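The values are calculated or read from the model by the stated rules, or taken from the named source; none is laboratory data. Note that this is a predicted model, so its numbers are computed, not measured. Because the Cβ atoms are built from the backbone with ideal geometry, glycine has one as well, and the counts that use them run over all protein chains shown. SASA here: full protein model, heavy atoms, side chains in, ligands and nucleic acids out. Shrake-Rupley method; radii C 1.70, N 1.55, O 1.52, S 1.80 Å.
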Amino acid sequence: MIGNLRGAEIRDHERELHHFKFRVGVAGVAVLLAFTLLAARFIYLQVVQHKTYASKAEDNRISIVPVPPNRGLILDRNGVVLAHNYSAYTLEIFPARVTDLDRTIQALSEYLEVQPKDRARFRKLLAETRNAESLPIRTRLSDEEVARFAANRFRFPGVEVKARLFRQYPQGDLASHVVGYIGRINTRDQEKLAELGVDANYRGTDFIGRTGLEASYQQELHGSTGFEQVEIDAAGRGIRTLVRTPAQAGNNVTLTLDIKLQQIAEEAFGARRGALVAIEPSTGGVLAFVSKPGFDPNQFVDGIDPQSWGELNNSPDRPLTNRAIAGIYPPGSTFKPFMAMAALELGKRTPTSAISDPGYFEFGGRRFRDSKPGGHGHVDLYKSIVVSSDTFYYRLANDMGIDAIAGYIGKFGFGSKSGIDLEGEAAGVLPSPEWKQRRFAKPEQRKWYAGETISIGIGQGYNAYTPVQIALAMATLAANGDMYRPRLVQHIDDVRTGERRHLEPVLQRRLALKPENVEFVKRAMAGVNIEGTGARSFGNAQYSSGGKTGTAQVIGMKQGEKYDEKKINERHRDHSLFIVFAPLESPRIALMVIVENGGFGARAAAPIARTVLDYYLLGKVPAAAPGAAAPAGEDEEEAESD
């Protein structure tokens, strides 16, 4: 009791009250200060920064959506549509808004058909276009499928149906290497567009030209991107369009190509591999441009699935290779008219120069054989072209030397890119000592041997050119030395202004050829089709023409070994070539044909050329394609030399 009283006496109530009041005061000041700071911040945000945050809020409510332009049309010279557009619905996944892609795709397949190839294509696109906002899992949905998804849309955040423009190639694989195809824009494309300073114009655009004219005239065909101000909800979905700046469609591109002529040329090949290029000598306009086999560019519109891509890419027939500009072949005897021109122009031969052809030419202990055993007897320059005497040109090449050959033949465009308005053109090989120095690494390989010149004279050896180069050389000779740049586009129509822009012929070079020499070689080439190696195909033609057959070796033969087509694998057989121009007096068309592994030029390539000329000059439509090459030995008389 006494202890409790003492404890009560010890406590100082006044002091404790003072401390309590102090703590309450401090807490009150802190609370007041906090509310003051909050009020100040509130005033700052709501008054001082009102315009800034009001703008940001508006930006969150309004989205700027790019509107991709309608891609321009591609048409042939007669207005036939080769590439156009149509709209359809696609089911698109926004990868950034989906947490589990596999699970989402599996769930989608319960409502819509999603095939394995759709999944494979989606994965391929996902790997190639990492920055894409959305990628299609299904394209070209039916109205029923769109309605079914709309009813279940709430189940799939990050998945939407979009209306898209699709490219369509109504001619299928016809002229596929000319028209080309489009592909989805990837990271590398985006970097290239940024380097060109045009990336802003590609916002919202998913596709870009990959090959053919779709690629080389991409900027003309693309158009200008438009924009929409769209009000969006909390989920980021558009509610309504507030402001619209329309896109401007791409320009329409009209070609020099005649698609009916193209069709006849392609059908003439049948199932055979090869190329054909037909040029208008007076303008350089390409009338037909064939690379067989082709492919269906419609496969690439949705993004080709890996299986189809593998089939095309791994096929031994190489359907994706544009043989007309990227295939490199020995010209064979089609080289001889240009060798004859070189001989006349350089004074190495005259029209009356002649040899006795025993069927071979000996040089350095080696015997270079003619394709005709026993030779052609007395052969002058005219006959050398008509009967295609190898011996005559072995001797001519030896007399001229490689420097003179390369220096003169190069003027016709051999060994140089033609400048045609397609990407991916190869330069070919015009052999010379300088070329060999650049080509080979070992010193013993870099030396030019005199014996190598002999085979050059008949279009063999290191000679290797593209079909478009050989066709251009033929067109240049037909035009008496005027070399026009080959072109596929005739004019471009601006759909916005209605202006038509013609692509005028470009004279690249004018060779100073003596008229009498040109006339002589043309007359000899006319003899080929009247009495020589091309007579079987052209002997009864209703128009005059000048041609030259050619056969190019694919594999070399051992010395003394006789070529037997029946004993050689089909892909190792000789190539069949033919060059021709018509009419003789005023050439309207010049062309080159090559049939891979087709054998003698008179047998496989010449009939195709005849079919093309008959339609172009006479309007004659063949009852059927020339079909497969004749069996070996069926035309031995023509096979003797070409």
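Residue-wise test of (1) touching a residue at least 24 places away in the same chain (Cβ under 8 Å); (2) outside the structural domain of ASP421 (by TED's automatic domain parsing); (3) open to solvent by less than 100 Å² (accessible area, probe 1.4 Å).
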position	(1), (2), (3)
LEU503	no, no, yes
LEU507	yes, no, yes
GLU519	no, no, no
ALA524	yes, no, yes
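Can you pull out the residues in the stretch 361-389 that are open to solvent by 70 Å² or more (accessible area, probe 1.4 Å), of a type outside the set (Asp, Glu) and in contact with a Phe, Trp or Tyr (Cβ under 8 Å, 6 or more places away or on another chain)?
ARG367, ARG369
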- Task: Could you list all residues from the stretch 1-32 that are open to solvent by 100 Å² or more (accessible area, probe 1.4 Å) and either small (Gly, Ala, Ser) or modelled with pLDDT of 65 or more (or both)?
- Result: HIS13, GLU14, ARG15, HIS18, PHE20, LYS21, PHE22, ARG23, LEU32
- So which pairs qualify, if the first residue must be in the stretch 591-616 and farther than 22 Å from PRO316 by Cβ, the second must be surrounded by fewer than 24 Cβ atoms within 10 Å (Cβ to Cβ) and among the acidic types (Asp, Glu), the Cβ gap must be under 6 Å, and the two must be at least 6 apart or on different chains? ALA602/GLU638; ARG603/ASP635
- Do you know which residues across the stretch 463-488 are farther than 18 Å from PRO587 by Cβ and touching a helix residue (DSSP H, G or I) at 6+ places or on another chain (Cβ under 7 Å)? ASN463, THR466, PRO467, LEU488
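Every residue, every condition in (1) under 30 Å from ARG367 (Cα atoms); (2) at pLDDT 95 or above, yes or no:
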site: LYS442; (1), (2): yes, no
site: ILE454; (1), (2): yes, yes
site: LEU477; (1), (2): no, yes
site: ASP482; (1), (2): no, yes
site: ARG496; (1), (2): no, no
site: ARG501; (1), (2): no, yes
- Task: Just name the residue that is farthest from LYS620 (Cα to Cα) out of those in the stretch 242-293 that are at pLDDT below 95 and polar (S, T, N, Q).
- Result: THR245
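Here's the yes/no breakdown for (1) outside the structural domain of VAL277 (by TED's automatic domain parsing); (2) within 25 Å of the chain's Cα centre (by Cα); (3) under 30 Å from PRO69 (Cβ atoms); (4) aliphatic (A, V, I, L, M):
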residue	(1), (2), (3), (4)
ALA475	no, yes, no, yes
ARG485	no, yes, yes, no
GLU499	no, no, yes, no
GLY550	no, no, no, no
ALA590	no, yes, no, yes
- Task: Taking ALA268 as meeting all but one of (1) within 25 Å of GLU311 (Cβ to Cβ); (2) of a type outside the set (Lys, Arg); (3) outside any loop (DSSP other than H, G, I, E, B), write down the number of the exception.
- Result: (1)
- Residue among ALA427, ALA441 that alone is open to solvent by 20 Å² or more (accessible area, probe 1.4 Å), within 26 Å of ALA324 (Cα to Cα), without any contact (Cβ under 8 Å) to a residue 60 or more places away in the chain and part of a loop (DSSP other than H, G, I, E, B): ALA427
- Task: Kindly indicate whether GLN248 is surrounded by fewer than 20 Cβ atoms within 10 Å (Cβ to Cβ), in contact (Cβ under 8 Å) with a residue 24 or more places away in the chain and under 20 Å from the mean Cα position of the chain (by Cα).
- Result: no
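Quick grid of which residues meet (1) within 16 Å of ALA605 (Cβ to Cβ); (2) at pLDDT below 95:
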residue	(1), (2)
ALA526	no, no
GLY546	yes, no
TYR563	no, yes
LYS566	no, yes
ASN569	no, yes
ILE579	yes, no
PRO587	no, no
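Would you mention how many residues in the stretch 287-316 are of a type in the set (A, V, I, L, M, F, W, C) and in contact with an Asp or Glu (Cβ under 9 Å, 6 or more places away or on another chain)?
To start, the set of residues in the stretch 287-316 that are of a type in the set (A, V, I, L, M, F, W, C) comprises 287-290, 295, 300-301, 304, 309, 312.
With in contact with an Asp or Glu (Cβ under 9 Å, 6 or more places away or on another chain) added as a condition, the list becomes 287-288, 290, 295.
Total meeting the criteria: 4.
Taking the criterion of being surrounded by fewer than 16 Cβ atoms within 10 Å (Cβ to Cβ), assigned by TED's automatic domain parsing to the domain that holds ALA288 and within 19 Å of ALA602 (Cβ to Cβ), would at least one residue in the stretch 390-408 satisfy it? Before you say what the answer is, go through the steps one by one.
We begin by selecting, within the stretch 390-408, every residue surrounded by fewer than 16 Cβ atoms within 10 Å (Cβ to Cβ); these are 399, 401, 403, 407.
Still in the running and assigned by TED's automatic domain parsing to the domain that holds ALA288: 399, 401, 403, 407.
Imposing the further condition that a residue be within 19 Å of ALA602 (Cβ to Cβ) reduces the set to none.
No, the stretch 390-408 contains no residue that is surrounded by fewer than 16 Cβ atoms within 10 Å (Cβ to Cβ), assigned by TED's automatic domain parsing to the domain that holds ALA288 and within 19 Å of ALA602 (Cβ to Cβ).
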- For the stretch 401-431, enumerate the residues that are of a type in the set (Asp, Glu) and more than 30 Å from VAL253 (Cβ to Cβ). ASP403
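Of all residues being of a type in the set (D, E, K, R) and open to solvent by 80 Å² or more (accessible area, probe 1.4 Å) in the stretch 78-126, which is farthest from VAL159 (Cα to Cα)? Just the residue, please.
Applying the first criterion (of a type in the set (D, E, K, R)) to the stretch 78-126 yields 92, 97, 100, 102-103, 110, 113, 117-119, 121, 123-124.
Checking the rest, the ones that are also open to solvent by 80 Å² or more (accessible area, probe 1.4 Å) come to 97, 102-103, 110, 113, 117, 123.
On the way: ARG97: 8, ASP102: 13, ARG103: 12, GLU110: 14, GLU113: 15, LYS117: 19, ARG123: 16 Å.
Checked the stretch 78-126; the qualifying residue farthest from VAL159 (Cα to Cα) is LYS117.
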- Query: Tally time: how many residues in the stretch 76-98 are out of contact with any helix residue (DSSP H, G or I) (no Cβ under 9 Å at 6 or more places or on another chain) and either part of a strand (DSSP E or B) or within 17 Å of PRO136 (Cα to Cα) (or both)?
  - Reply: 11
- Task: At least 3 residues that are outside the structural domain of ALA175 (by TED's automatic domain parsing) and crowded, with 17+ Cβ neighbours inside 10 Å in each: list the helices (runs of 4 or more DSSP H) lying fully within the stretch 278-351 that qualify.
- Result: 323-326, 336-345
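Of these, VAL468, VAL495, which one is in a loop (DSSP other than H, G, I, E, B), surrounded by 12 or more Cβ atoms within 10 Å (Cβ to Cβ) and in contact (Cβ under 8 Å) with a residue 40 or more places away in the chain? Can you show your working first?
Numbers: VAL468 fails: in a loop (DSSP other than H, G, I, E, B).
Step by step, each of VAL468, VAL495 is checked, and only VAL495 is in a loop (DSSP other than H, G, I, E, B), surrounded by 12 or more Cβ atoms within 10 Å (Cβ to Cβ) and in contact (Cβ under 8 Å) with a residue 40 or more places away in the chain.
Using the structure shown, decide if THR104 is at pLDDT 70 or above and of a type in the set (Ser, Thr, Tyr).
On the way: at pLDDT 70 or above: yes; of a type in the set (Ser, Thr, Tyr): yes.
Against the criterion (at pLDDT 70 or above and of a type in the set (Ser, Thr, Tyr)), THR104 qualifies.
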- Task: Examine the stretch 315-324 for a residue that is within 31 Å of the chain's Cα centre (by Cα) and within 19 Å of ILE579 (Cβ to Cβ), and state whether such a residue exists.
- Result: yes
